[in-house]
Structures are given as C-alpha cells and as structure tokens.
C-alpha cells in the first residue's frame, strides 16, 4: 500500500451555500478521486482554529485532529489546527 500524502485546499466562500453539506461532500469527493487516481492515502488539512465551519466540514468528511505534523510544516495561521484522514 502506498502512503502518498497530499494537502488539498478547498474554499467555500458564499455564505448562502454554507451549512448545507456541500463542503464536506466536496472534500469526500476530492479525497476519493485523489485516492483512486493517484493512490493518495494520507490527507492533511490545516485550517485556523477560528474557521469553525471548515473544521466541522473536515470532521464530517472523516478528518481527525492530530498533534503529528509533517516534515517542513509551517502553519499558515498562529492558531493552525492540523487534521488528517487516512484511507486504507
């Protein structure tokens, strides 16, 4: 099994589309595609802790909070939260 990893970045800006499940659905679809097409197995998201909506969507898509960071990690925010999803 490959352990390729990636850090996808997805944005849902328009408030009228928030809290409808579109974000988590898009994340699940993207992770499924990257797993099938490129054999990615580890996905990493690094939102700000203040981005509650994104964190909720990532968790709904199967991501979990972790203290483990990858080599060369430099968070984009002072309060970066690391979430990962591993696919078998």
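Points worth noting:
- For region 1-29, a tally of residues being closer than 21 Å to residue 75 by Cβ and assigned to a helix (DSSP H, G or I) returns 2.
- Some residue of region 20-29 being farther than 11 Å from residue 85 by Cα and touching a strand residue (DSSP E or B) at 6+ places or on another chain (Cβ under 6 Å): no
- Entry remark, region 1-23: residues being under 15 Å from the mean Cα position of the chain (by Cα), farther than 21 Å from residue 38 by Cβ and modelled with pLDDT of 85 or more number 3 in total.
- Test result for residue 56, out of contact with any strand residue (DSSP E or B) (no Cβ under 7 Å at 6 or more places or on another chain) and in a loop (DSSP other than H, G, I, E, B): no
- Residue 84 more than 13 Å from the chain's Cα centre (by Cα) and crowded, with 17+ Cβ neighbours inside 10 Å: no
- Pairs linking a residue in region 30-42 that is within 21 Å of residue 11 (Cα to Cα) to a residue that is part of a helix (DSSP H, G or I), with Cβ atoms under 7 Å and 6 or more positions apart or on different chains, are 40/34.
- Residue list for region 39-53, filter: in contact with a strand residue (DSSP E or B) (Cβ under 8 Å, 6 or more places away or on another chain) and either more than 15 Å from residue 86 (Cβ to Cβ) or buried (at least 17 other Cβ atoms within 10 Å of the Cβ) (or both): 40, 41, 43, 44, 45, 46, 47, 48, 49
- Residue satisfying condition, being within 12 Å of the chain's Cα centre (by Cα) and either touching a residue at least 24 places away in the same chain (Cβ under 8 Å) or buried (at least 17 other Cβ atoms within 10 Å of the Cβ) (or both), within set 26, 57: 57
The values are calculated or read from the model by the stated rules, or taken from the named source; none is laboratory data. Because the structure is predicted, anything quoted here is derived from the model rather than measured. When we count neighbours, we look across all protein chains shown, and the Cβ atoms used for this are built from the backbone with ideal geometry, even at glycine.
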